[in-house]
1. Pick out which of Gly89, Gly206, Gly155 has the largest mean-square fluctuation in a Gaussian network model of the chain, springs linking Cα atoms closer than 10 Å.
2. With Kirkwood radius over Cα pairs in Å defined as stated, name the option among (1) 20.6; (2) 18.9; (3) 18.3 computed from the structure displayed.
3. How large is the translational diffusion coefficient of the stretch 1-94 in µm² per second when you combine the Kirkwood radius over alpha carbon pairs with Stokes-Einstein at 4 °C and 1.567 mPa s?
4. If you build a Gaussian network model of the chain, linking Cα atoms that sit under 10 Å apart, which residue out of Ala175, Ala28, Ala93 swings the most?
5. If each of Ala207 and Val173 carries a label point 7 Å out from its Cα toward its Cβ, how far apart are those two points in nm?
6. Determine the gain in length on full extension of the stretch Val159-Asp40; use 0.36 nm per residue of separation and subtract their C-alpha separation, reporting nm with one decimal.
7. By how many nm would the segment from Arg25 to Leu136 grow when fully extended, if each residue of separation counts as 0.36 nm and the alpha-carbon distance is taken off?
8. What is the chain's relative contact order, in percent, from Cα pairs under 8 angstrom and six or more apart in sequence?
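The values are calculated or read from the model by the stated rules, or taken from the named source; none is laboratory data. Since this is a predicted model, take the numbers as computed values, not measurements. Cβ sites come from the backbone with ideal geometry, for glycine too, and all protein chains shown count toward neighbours. Ligands, DNA and RNA are excluded from the accessible area calculation, which covers all protein heavy atoms including side chains. Shrake-Rupley method; radii C 1.70, N 1.55, O 1.52, S 1.80 Å.
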Amino acid sequence: MRGGDGAPVEAHLRNLDVRLHGPARSKAELLTEARHALWDAVEAYQADGLSGPDAERRAVHEFGSPAELVPAYQAELAADALRGLAVRGLAVAAVLTVAGDLTWRGSSWSQDGPRPPAGYLLLSASVNWIWAGVGLLAVVGLLVLAGAARRGRPGLPPVARLAGLGLTGLLAVGALAGCALYAWSLDLWDAALTWPPMLIGLVAAGAAWFSLGRAARAWLRAAR
């Protein structure tokens, strides 16, 4: 019979839960695996004749202390968090690179109107380069993580950590540059707020940045 919340096994799992940070689903799966392993050990020790509490204490002792377990568990969670951020970043970068220019179709300068200032054109080009960098770092992170997994080395390799930090930094720069470009466009183009692609782009970009922000926050908490 399994113990209640005050049992050594459940207390051990709660201690791990408090110390670990990362994507909720990955963390729940990791703790579920640990719970199953611990209770399997408890049942084995009980079959050998130990009492319930003694079997739990022995299983917990042999499973390892939080100080011993947390570094490896946290590295695994950080890898999962980076994987999630990289996938989202790659998807958003691909969509914006392919469809981003559609937002500006119908602008005054796309219909033989006066060209926007050089600074605006530079900022627009910079946003495209930022998204290209996001896509590149996302691919690097995913490839490094996949390679480490194939070699049987779970966790977060140093190169993947650097790719993740660079990806997070570029996303922050991209958010600022994108907001500046959008605001400047509204100033240059009076009809921007009534142009459907601009309105759709605003909603889609807002949803994308919300998703990326959550993924970046999870990654930074897991990697610290």
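1. For the chain, modelled as a Gaussian network with Cα springs under 10 Å, the answer is Gly206.
2. (1)
3. Working: Rh = 14.6 Å.
D, rounded to a whole number, is 89 µm²/s.
4. Evaluated over the chain, the most mobile residue of the options is Ala28.
5. Using points 7 Å along Cα→Cβ, the separation is 2.9 nm.
6. Values: separation 119, 0.36 × 119 = 42.84 nm, distance 3.66 nm.
So the chain would gain 39.2 nm between Val159 and Asp40.
7. Details: separation 111, 0.36 × 111 = 39.96 nm, distance 2.64 nm.
Length gained between Arg25 and Leu136: 37.3 nm.
8. On the way: 213 pairs, mean separation 60.1, N = 224.
Reported as a whole number, the value is 27 percent.
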